[in-house]
1. Mind listing whichever residues of region 43-63 are of a type in the set (A, V, I, L, M, F, W, C), in contact (Cβ under 8 Å) with a residue 60 or more places away in the chain and part of a loop (DSSP other than H, G, I, E, B)?
2. Quick one: how many residues across region 6-26 are among the aliphatic types (A, V, I, L, M) and in a strand (DSSP E or B)?
3. Would you confirm, using the coordinates I've provided, whether L29 is assigned to a strand (DSSP E or B) and within 15 Å of ligand 1 (Cβ to nearest atom)?
4. For a quick check of your reading of the model, give me the residue pairs whose first member lies in region 64-79 and is free of Cβ contacts under 8 Å to residues at least 24 places away in the same chain and surrounded by fewer than 18 Cβ atoms within 10 Å (Cβ to Cβ), whose second is hydroxyl-bearing (S, T, Y) and in a loop (DSSP other than H, G, I, E, B), with beta-carbon atoms closer than 7 Å and at least 6 apart or on different chains.
5. So how many residues does region 33-76 have that are basic (K, R) and either within 13 Å of ligand 1 (Cβ to nearest atom) or under 12 Å from the mean Cα position of the chain (by Cα) (or both)?
6. Across region 106-121, which residue is farthest from the chain's Cα centre (by Cα) among those that are of a type outside the set (K, R), more than 21 Å from D31 (Cα to Cα) and surrounded by 13 or more Cβ atoms within 10 Å (Cβ to Cβ)?
7. Report, ordered by the first and then the second residue, all pairs with beta carbons closer than 9 Å, sequence separation of six or more or different chains, a first member in region 127-151 that is under 16 Å from D44 (Cβ atoms) and more than 16 Å from ligand 2 (Cβ to nearest atom), and a second member that is of a type in the set (K, R) and in a strand (DSSP E or B).
8. Got a sec? Which of G61, G48 is within 16 Å of ligand 2 (Cβ to nearest atom) and at positive phi?
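Values quoted throughout were computed directly from the atomic coordinates according to the rules given, and no laboratory measurement underlies them. For clarity, every value in this text was computed on a predicted model and none was experimentally measured. Cβ sites come from the backbone with ideal geometry, for glycine too, and all protein chains shown count toward neighbours.
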Amino acid sequence: MDEIVENRKQIIKYISKSVEDTYKLAKILSDRLSGGEVVLLSGDLGAGKTTFTKGLAQSLGVDETVTSPTFTFMKEYEGRLRLYHFDMYRVCDEDELYELGLNEYLYMNGVCVIEWNKFEDVPKPINIQVTSLDDDKREFAISGIDLDLSKI
Ligand code: ADP
Ligand code: MG
C-alpha cells in the first residue's frame, strides 16, 4: 500500500496481484458504504472494473451473478444495499442519460458503481482508476474516501 497526497486530495494506491486481491479490496470499500455513494471506475477495457464490481456485489450480499450491463446501461441488484451497476461505454452524451432517467439513480439511497462515466457532475464521487500492469497485476488508485488497507 502506498499513500500519497496530491493537491490536498489523498490518493490511496493498492497493487492487486490476483482477482482474489481485487475482491479483498472491494470488501474493504463495501464495508464503508452506507448508501448514496457513487463509485466511478475508470481504466482501459480489461483493466478489472467489472471484476471489482463483482467483488463489491459479493461483499454487499448480492446472490445474483453480476454481468456487464453494456446494452441496458444499468443493472440493479439487491443486497445489504441496493447496487446500481452502470456501464456507459455506449452512451453518447449526458443528454441520453437524462432522457433515460438514469440521473435519478444518483440520488437514490443505493450505491451507484459506474464504468465509463458520462455524467458531467457527480457530487462527491469515490474515484477508482484501474491500471493493468501485467497479466494479473493491477493498480487501483482510489480517491474520495479514506480506506484502511492494512487488513488486506
Ligand atoms: P473491465 O470491466 O475493466 O473491462 P473486466 O473486469 O471485465 O475489465 O476484466 C478484467 C479481466 O482481468 C478479467 O478476465 C479478470 O479475470 C482478469 N484479471 C486478472 N488479474 C486481475 C486482477 N488482479 N484484478 C482484476 N481482474 C483481473
Ligand atoms: Mg467492464
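1. Within region 43-63, the first condition is being of a type in the set (A, V, I, L, M, F, W, C), and the residues that meet it are 45, 47, 52, 56-57, 60, 62.
From what is left, the residues that are in contact (Cβ under 8 Å) with a residue 60 or more places away in the chain are 47, 52.
Within region 43-63, A47 is the sole residue that qualifies.
2. Final tally of qualifying residues: 3.
3. On the way: assigned to a strand (DSSP E or B): no; within 15 Å of ligand 1 (Cβ to nearest atom): yes.
Criteria not met by L29.
4. Sorted first by the residue in region 64-79, then by its partner, the pairs are T70/Y89.
5. 2
6. Narrowing region 106-121 to residues of a type outside the set (K, R): 106-117, 119-121.
Then keep just the ones that are more than 21 Å from D31 (Cα to Cα); that gives 116-117, 119-121.
Subsequent filtering for residues that are surrounded by 13 or more Cβ atoms within 10 Å (Cβ to Cβ) retains 116-117, 119.
Numbers: W116: 10, N117: 10, F119: 14 Å.
So, considering only residues that are of a type outside the set (K, R), more than 21 Å from D31 (Cα to Cα) and surrounded by 13 or more Cβ atoms within 10 Å (Cβ to Cβ), the one farthest from the chain's Cα centre (by Cα) is F119.
7. E139/K13; A141/K13
8. Values: G61 fails: within 16 Å of ligand 2 (Cβ to nearest atom).
It is G48.
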